[in-house]
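Engineer: Take this structure, written in structure tokens, and hold onto it; I'll ask about it next.
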Amino acid sequence: VCPQPPRPCEDYWGEWKHCRGLRHAFHHYYAHGELPACGRWREDYEACRAWERHRAADAQVPPGERLRGRESGWGGSQKYAPVWTLRKSPPPDWYLPLDQDKPN
């Protein structure tokens, strides 16, 4: 028995519909200078439905989900070091006013 896809098929359909919406397309074009690529959501939906119909092992994790998983870090071992060193307690003079009025 093959495990089911990581999301319900309706989620992929909803993401595809959202991606193709005018508001999202306009925002994506404004932010990135190109229209969004929505084809992966549709492919994932089709793969999910194929898994529901035939329980096909190759459709258990949709291909776009694997790509998104690699990009977001799940399933991978890629970890990033923190940008700042974390401290255990606040600095001793945390309550004093900032030196905004003093020249450098």
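The values are calculated or read from the model by the stated rules, or taken from the named source; none is laboratory data. As the structure is a prediction and not an experimental result, all values here were calculated from the model. Quick reminder, even Gly has a Cβ in these numbers, built from the backbone with ideal geometry, and neighbours come from all protein chains shown. Just the protein is used for accessible areas: all its heavy atoms, side chains included, with ligands, DNA and RNA removed. Shrake-Rupley method; radii C 1.70, N 1.55, O 1.52, S 1.80 Å.
Engineer: Rounded to the nearest 0.05, what FRET efficiency do residue 25 and residue 50 have when you use their Cβ-Cβ distance and R0 = 35 Å?
Structural biologist: Working: r = 27 Å, r/R0 = 0.78.
After rounding, the FRET efficiency stands at 0.80.
Engineer: Given the whole protein assembly as supplied and a 1.4 Å probe, what does the accessible area of residue 98 come to in Å², nearest 10?
Structural biologist: That residue has around 130 Å² of solvent-accessible surface.
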